[in-house]
Each structure stands twice: as structure tokens, then as C-alpha cells.
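Q: Sharing a structure here in C-alpha cells format.
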Amino acid sequence: MRRWSVAALFLLPGSLLIVLFFLLPVVLTLVLSATNLSTTTFSHPSWVGWGNYQELLQARFTPLILKNTLKYVILTLFFNVGMGLLLALITAFLPVRLGDAFRALWLLPRITASVVYVLIWQGLAAVAPYGLLSDLTGNSQNWIQQSPWAVVVLANGVIGASFGMLLFTSAIRAIPSDLLHAAAVDGATTWQSIYRVVLPLLRWPILFVSAYQTLSLLTSFEYILLLTNGGPGFYSTEVWSLSAYHQAFSNYFGNAQFGLGSAMAAVLVVIGVVVSLIYLRVFNFKELLGEPKVEVN
Amino acid sequence: MKGRVVLAILIFLGLAQAQEVITLQAWTIGPEEASRTRATNLVAAAEELNKALVAEKAPYRVKVETSFETTNWDNYHRRLLLAFQSNKAPDIVQSAHVDVGTYADGGYLAPLDNYINEYAQFKNVIPTLWNAVTYKGKRWGIPQDTEARPLYFNKTLLAKLGWSQAQIDALPQQIRDGKFTWQDLIKVGQEAVQKGVVKPGYAYWHRPVNGADFFEYYYACGGSLQDSQNGKLVFSKAASLCAYQLLADLVKANLTSKNLLGMSWDNWHNAVSSGEVLFASAGTWTWAQWATQYYPKDHGGYDYLWKNFGFALQPAIKPGGKPVTLSQPQAYMIWSGSKHADLAARLLAMVTQASFDEKHALQSAHLPVLRTTYALPEIKSNEFLQDVAYLLDFTTFQPMSPGWGQYGDSFFRGISAVESGQLSPQDAVGFVAQELSQKLKGDLEVQ
Amino acid sequence: MGLNRRVWPWWAVLLGLLSLPIVAGYLWLVLSSLSNQMHGLLPTGGWKLQNWRFLWESVGGRPSIWGALSNTLIFAFGVAALEVLISAMTAYAISRLRFPGRGIYLGMILVLHSFPAVSLLIAIFYILRLLGLFDTLIGVILVKAALDIPLGIWVLKGFFDGLSWDMEMAALTDGASRWVIFWRIALPLVRPGLLALGTFALLSAWGEFILPYTLIISNKTWTLSLYLQSLIGAVDLTDYGLLAAVGLFYLLPVVVLFLLGQRYLLDIYGGGSKG
């Protein structure tokens, strides 16, 4: 019993924060999603049951936003994983210091504050004279507005590629050199060694990175908010999570829909929990758990 | 001894009280820089109020802490809403008059009728502006400024098209008389594109983001936004179709770029004010913005504008139809949770003076709210303010209703879908009608 | 790796080309912040110190950048301290102690680690409002720390698991309390882990945008990200020189910290942060 109270002491602060800012919000999101809470009904909300969800099902913009979300997740994921793989493979060929320098360079966007990172994109994509793209092509236009999807995918992709890059790099380093030597002795070309030896060994890391990033892309909207804010025009780059944010927090005429926004968020919450549980299954939770080292006496 | 101590304490308390400073928070928004007087006027008015307080030997002084938002309305509304909901709102809020419906319904605003009767300054406010802040029989705001939204035309470009000076000068009157309509504008615009006077998509521009301007088309098409009998919002399918069709035609005829919505304001202003665009719908305040912030700033300021730009009403749809403009007066409101509502009201009475009204009008090219301001020599001799004054005879307003936010957003989404070619005007009308009846249910009449 | 070494210069060239946009981007930021006018990447019109005027004067009535800087410092260090301390305590308990529900607890941490925390923003606003912490720095610090704690626990649990058990065992038999052991023995031994997590937390909090953007409404509590965003979003401001200078000012400490902490960091970024 006393032992447990020691554990309780250690767990208290962390648990408190987790309850306050994870568990309670999850419950609250579900509760709010069943109300008509908005700017005008804030002091007297009423229950609407499944009303918000019904509205989402019927709303004409729902299919468009779903399509955008799929497009965003799939395209960015391909870029992230593909680029991450490419970077990991190429830097593995280079002298160690050069490889490290390149990896650090690709990590830079990720540690750059999102606002600064987006400022750089805006600068490069601006109209002449500041915009580099306008300058190089001689076609002065705002490139973010002209090709919003390319920018959204690339901007997020450059950030995301570093994740795969680092993970794949450590996986490549873990490959026993005998395997590669053996392949070289057999007369395999570089390409053949990669194809036959390295890639098969990277299967799990690739699966892990894809799984992990699918979930975080599904719910991330910060860079889209800053780059295009879902535009230009009619929901051009509006994805589900951004739309939830917009419903609840952003309205030109000032009437925010907390209830509807919560319903959209709740969909993500449910997807998030279910998918995470599946991942735990796939990536073998039991093994991670292990036995604690407790006092024997 | 004891008596002295008591006396000392009393004096100290007295002094401390004399020095008590009551801080009033005030949030204001331009977002354009030129309208910063919305904040600075409050600070200046507080100085005057303090002089009055000194004269009255009042035991307190007032201090105003202002913030002035320069980004956008979405951001401002979000901050306001969260502030209202978490009891952290400022004492004084400046916002568009149309927000009164939403905010009063939410219980965030204090009704101001008692104060308005108390202070004489308020008697000078132009009566129609009180209508703009009246909701459910009460007045919730003090008019801060008003404006009109003209159609600007580039005189230099028209001359390049072969227009004579007389023709150019006559254009505002032609529009006013309903003789130069949207159909004529499209013809001129097409010609300008064909002759290479402007790039394709640069013949007519409206604002690049959501806003009140878009209801000018709806009003020109004969639509009404509110049932004056029961206060319900009205969605006229015919007027919406006509407005959406007009915008679709503008894009199809290459007058308007299909990517216009989403462009940043600075690109927009620089392109229009540097003479890349033939016609543009904007506001009177845009005049001051251009002169002080954008391309004209380094090219002669107001002189450059007078040389290159003219302004008129938004044209009628058909010959003989009614040209329109739209006004969205700004108002100072008082938060219902303010601990110093009386003082805030007194400050607002102080700021509602011709001198402040004048300063704001001259700097920001908004229109004054006081009858007394119009009598001032500086206003009388200000050519721009005098020339746009007639626009008010044709003005329209947005309706006050808690559902207005959703209405405005849906209507705008319909426009963005039409312009980007994602929906036909007919489909867009159906889309908006469906969305609105779903959201507003009984509070909406679809005609 | 024992692959063909002769071809590497070609690979380096290819990688260099791929990385060119990133280099160009940061180069643009630096050059723009210093020069009067830019044509793409070519500075024209000479140097312009005025871009840095935000250091000594208020820009358009905004509060001073130094206030925003100190808010950001408080925010970043507050988050890092809280995150490291709390993660370490929790991770230690999971790694070392037996308690009912341990498996569920660890499972929950893992789920939360990959959980879409930003989608809870609406509800988090209500919680903060309830606690009276909305629009305060301490409120956002708590939220940010809480959202990153599952990752922290996960990383530090790995470090504790890898520690040899002997010293703690000896101390335990000597009658030392768990608390003392944690502070005196375990924590010093996982120093690399604490440093890595601390650096990560600092960087992540330093750049945080969406939480303060949503949960802070008065400009007295502005962090640098809000300061910069207020300049970027301003309708009447086209001064890229100023924007770039503020951006660079905001970026520099991060680059320094990154170079210092790089050694520790690479593991964490690869080990599964959000992305």
C-alpha cells in the first residue's frame, strides 16, 4: 500500500496535466458537440443531440473538405516518406560530416518557428521584386495563391521529411556491414544493394513513419492556416481540422460556432483514438511494456 | 499625538484618493492604419475628461489603454468573442454596427439609452446612424464613423482607351442616373483587355476577402436582406442569382481574375493604386489608405490620386435601375461586464465631439457622424469628403440579426464558389439557400 | 556504410540541388533583413539598418519587442522546466515502480503521444476559462507542457529503462527513500536524456504559434510568434525588410540552441515527435 502511495506521488503532477488537458477536453469536446453553443447562445446553450453531426452529413461542403483532407494527407505523406528515404539514403553515401551537415540543413525548417518558416515561403512566393520565384520565372504573381496545393504540400513536406530522414538514417546505420559486403562481393551495383538489401530492411521503419505521419497530418493545420488559411476561393485548401478551427474560432462577421466546431473536432478525436489503438496492436505494445524494476523486498 | 496620526492618515488617504486612476481598456480596429484615430481619439478624449475631472475636483482620474488591430476582422472577432466569454473583455469595444445584433443577443453589451439621453453631445449625431445601432428597441452603440463604398475608376486608363476628358468627367453622373450600368462596365472592361490597356482579369476588382461590399450586388439586383415586419433575415433567390450571375459574367469576360479572392490586401492596393486595374469597388477610406500607405505615397499622394482616379456609385444592373452603395458605420460599444460603464459612457460622450470626428474624417476618409462636424470649415473645404457625400443618398445597410454572421459567410462562400468556377450561379444559389435554411431555420425567409 | 564510395560526389551534387530551395529561403531572410530592396536574392539599393528599427522603437503602436521576447523566454523556459521535471517523475515511476493500472497508464501515454492534441483546442479554451487561466502566460505554459508530456515520458522512460539498477538497489537497501534516489541518483544518470528533452522542449515552445494565437488575446502577453504574425498579417504593411529582420531576430536564438544541442537532439526528432 505504501509503495503505491510513493508511485502516486510521482505520478500526480503528470496525471493532473493529462487529466486537465487531455482527458477532460476529450469528454468536453464530445459534450460540446451535442450543443448549439455559439457566440449568441453562449450563456444559454441547448442540447441538439446528433444535430451537429447531421448538419455535417448534409452540408454541401463536407465532401469537398473530405476530398481536400485526403489529398493533403496522401500527397504530403508521399513527399515526406519519399523525400525522407531519399535523404537518408544519399546522406548515408556521403562522408560523415557532409552527411550530418545536410541532415542538419533539412532539420532547420522543422525547428524554425512556424511563423518565420511561412514568412520565408511568403517572401519567396511574393510578387516581384521581392519574390524569388517571380523573379526567376519573370512571371510576377503570388505563387501561393496561384498554386496553393503545391505550396501547402511542399511546405509541409519539407518539414515532415526530416522525421523520416532521421528514423531511416538510424535504421540504415543499424544494418550490419557484412550484409552489404556480401552483396558487393556478389558484384551487386550500388542500386542493387539498396534495392535488395537496404530497402527490405527498412520496411518496418517506413511503415511506422507512414502510420505515425498519417495521424499527425490528419490533424495538423497550423501551416495551412498561415499559408493559405484554407483559400484561395471556395474551400480550396480547407482541410477537416482547419475547418473545425474555423467554425469555432474564426468568422468574419463574428458568429463563431463552438458546437459545430466541436463536432468536427470530435470526429478527429475518435479517429485519433481508434487509429492509435490499432497502431499499438501493430507495433506490438506488449514488448514495449516490459516489467518495471521494483524493489524485491 | 494620536490626533495627529489620525490626521496624517486621513490626509494620506485623501491624497491617495485624489490620485486614484481608473483604467479603461478599449479595443479598436482599422484594420487600415489610417483609421488609427479610432484609438488615439479615445486617448485624447481622456485627457479632456481629466481636465473636466480636475475642474470638478473629482477624486479620480481616467486613463485609457487602447489596442488597435491592424490585421483583419476575423482575428479581431475571435479575440473579442473569447474575451467576452471569459470575462476579460475591454470596457470599450469598437466594432461594426452590424455586430450589435450578435453581441447584444449574446448578452455582451450594455444598453446605452440612458447615457445617450444624459449627455448633450449625443444629440448632434446624425439621426439615421442611431438606427444603425438600434436592436430590439434599444441602442447598443455610439456611432463612431460612417462611410460609403464607391466604384473607383482609373481616369488615365480610360483616356488610354480613347475616352475624352468630358466623357470621363461625366461618368459618375451617368452611373448616378442609371445610364451607365454593369453591362456597360463589362463592355468597357472587355475592350480594355482586348486593347491591352489592362491585363486579362485586371479590368474590374472587388475586395479580395470576405466583407460587406458583396451585398452591393445583391441590393443592386433588388434584393432585400431583412423583413422589416418581423425582423427575419431574407434570402432572395432571384436577387442572389442575379448577383452571382453578374460575378460569373465578370470572370467569364476576363474582367475579374478567378483568383482574386484570396489575394493579399497589399497586392490588391498596390495593383489598383498604381494603375494596373481599370475599375475597383472599395471604400471611401481606401482613398486615405492609398495616399498614405501604398503606391501613391511616394508618387504625389492625394495629388496623384486626383489626377488618376475618379469615383462613382456602384452601377445599376440594368438601364434605369438603381445604383447603390453600402455603409457600415462603426460604433463604440460598452461591455456589459465593465465595472466602469458610467465612466466609459462619459468618455464616449467626450469623444463624440466635432473636433475628434473631424480629425478622424480628414485622416481616414471616413465620413463624420455629427451634424456639427459637417459645418466645420476644414470639412467643408475637403474636396473628397464633399464629393462623396451624395453617395449616402444611395446607401444601404446590413441587417442586424444574430444569424447575420452565418448569412454573410454563406453568401460569401457562394461567391467564392462561383468565381472559382466550382459552382454555377444556379447551383450556388441552391447551395446557399440550403445551407442557410439548415442553419437559421425559422429565422430565415427564402423568397 | 560499405557502398560504392567513388560515386559520392555525384550524390552530394544531387542532394545539394534538392536542398537549394531551403538554402535560398534562409538566404532570402538574411539578405532581406539587411537590405533596402530585393530583386529575388539580389540586394539592391544598399544596406538598410532601419529594418531593425523594431529593436529601439515601437512599430505601429505595437508593444515593444523586448516585452514579447521576455514573454517568449518565460514561456519557453517555463514549458521546458515543467515538461522535463514532470516527464522525468512520471517516466521514473513507470520504469521503476509497480502500481495498479501500470499497463493501462503506459498504453494511455502511448496513445496520447500520437494523439491529435490541437483538435482539443476548443475544449482547452473552456478548461482554461474555468481555471481562470485564459489569456495568461501560465495557462499557455501548462497547456503546451501538458501536450508535449506524453512524448517526454516516452523518451525518458527509455533512458531510465536503460539505466543499471545496481546503484539504486544499493541505496534502497541503505534505507534511502525513492524520492531521494530519484533526485540524487537516477536524475543525474539520465542527464543526456534530460538535456535532449529540455532542448527539444525549448525549441518547440520557442516556435509555438497556434496555442498562444488562440489562448492569448491581449498584446501585453504576446510572444514573438504573435508579434511577428501581427506584422505579417497587417493589411497596410508591405515592408519585407522589417518582416525579415523580425523573423531573423526570432530565428537566431533557435539556430544557436540547435547547434549547441544538436548532439542530443537528433535522437528525439527521430524518435517520434509530432510531424
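The values are calculated or read from the model by the stated rules, or taken from the named source; none is laboratory data. Computed from a predicted model, the values in this text were never measured in an experiment. Neighbour counts are summed over all protein chains in view; Cβ atoms, including those assigned to glycine, are modelled from backbone coordinates with ideal geometry.
Q: Can you pull out the residues in the stretch B:254-272 that are closer than 22 Å to residue C:233 by Cβ and more than 12 Å from every other protein chain (Cβ to nearest Cβ)?
A: Answer for the stretch B:254-272, where residues must be closer than 22 Å to residue C:233 by Cβ and more than 12 Å from every other protein chain (Cβ to nearest Cβ): just B:272.
Q: Checking the conditions here, which among B:345, B:349 is aliphatic (A, V, I, L, M) and either assigned to a loop (DSSP other than H, G, I, E, B) or surrounded by 22 or more Cβ atoms within 10 Å (Cβ to Cβ) (or both)?
A: B:345
Q: If I filter the stretch C:53-68 down to residues being at pLDDT 90 or above and crowded, with 18+ Cβ neighbours inside 10 Å, which single residue comes out as nearest to residue C:202 (Cα to Cα)?
A: Restricting to residues being at pLDDT 90 or above and crowded, with 18+ Cβ neighbours inside 10 Å, the top hit is C:68.
Q: List every residue pair whose Cβ atoms lie under 9 Å apart, where the two residues are 6 or more positions apart in sequence or sit on different chains, the first residue falls within the stretch A:124-150 and is away from chain C (no Cβ under 11 Å) and surrounded by fewer than 15 Cβ atoms within 10 Å (Cβ to Cβ), and the second residue, located anywhere, is outside any helix (DSSP H, G or I) and of a type in the set (Asp, Glu).
A: That search, which allows pairs on different chains as well, returns nothing.
Q: Taking helices (runs of 4 or more DSSP H) that fall entirely within the stretch C:110-214, which contain at least 3 residues that are aromatic (Phe, Trp, Tyr) and buried (at least 20 other Cβ atoms within 10 Å of the Cβ)?
A: Output list reads C:137-161.
Q: Tell me which residues, restricted to the stretch B:244-268, are part of a helix (DSSP H, G or I), without any contact (Cβ under 8 Å) to a residue 60 or more places away in the chain and of a type outside the set (Lys, Arg).
A: B:265, B:266, B:267, listed by residue number.
Q: What helices (runs of 4 or more DSSP H) completely inside the stretch B:370-447 contain at least 3 residues that are crowded, with 21+ Cβ neighbours inside 10 Å and assigned by TED's automatic domain parsing to the domain that holds residue B:245?
A: The qualifying helices (runs of 4 or more DSSP H) are B:404-419, B:425-440.
Q: What number goes with the only condition from (1) without any contact (Cβ under 8 Å) to a residue 24 or more places away in the chain; (2) more than 8 Å from every other protein chain (Cβ to nearest Cβ); (3) farther than 10 Å from residue A:161 by Cα that residue A:90 does not pass?
A: Single failed check for residue A:90: (2).
Q: From the list B:280, B:271, pick out the single residue that is in contact with a strand residue (DSSP E or B) (Cβ under 9 Å, 6 or more places away or on another chain), within 26 Å of residue C:237 (Cβ to Cβ) and in a helix (DSSP H, G or I).
A: Result: B:271 is the single residue among B:280, B:271 that is in contact with a strand residue (DSSP E or B) (Cβ under 9 Å, 6 or more places away or on another chain), within 26 Å of residue C:237 (Cβ to Cβ) and in a helix (DSSP H, G or I).
Q: With a cut-off of at least 3 residues that are closer than 17 Å to residue B:345 by Cβ, name the strands (runs of 3 or more DSSP E) lying wholly within the stretch B:62-167.
A: Counting at least 3 such residues, we get B:92-96, B:142-145.
Q: So residue B:91 ticks every box in (1) of a type in the set (D, E, K, R); (2) buried (at least 24 other Cβ atoms within 10 Å of the Cβ); (3) within 13 Å of another protein chain (Cβ to nearest Cβ) but one. Which box is left unticked?
A: With (1) of a type in the set (D, E, K, R); (2) buried (at least 24 other Cβ atoms within 10 Å of the Cβ); (3) within 13 Å of another protein chain (Cβ to nearest Cβ) applied to residue B:91, the lone miss is (3).
Q: If a residue has to be crowded, with 22+ Cβ neighbours inside 10 Å and of a type in the set (Ser, Thr, Tyr) to count, how many in the stretch A:151-190 make the cut?
A: Going through the stretch A:151-190 one residue at a time, the tally reaches 2.
Q: Any idea how many residues of the stretch C:1-46 are at pLDDT below 90 and closer than 17 Å to residue A:134 by Cβ?
A: 8
Q: Right, something else. List the number of the failed condition for residue B:230; all other conditions in (1) outside any loop (DSSP other than H, G, I, E, B); (2) surrounded by fewer than 20 Cβ atoms within 10 Å (Cβ to Cβ) hold.
A: With respect to (1) outside any loop (DSSP other than H, G, I, E, B); (2) surrounded by fewer than 20 Cβ atoms within 10 Å (Cβ to Cβ), residue B:230 is out only on (1).
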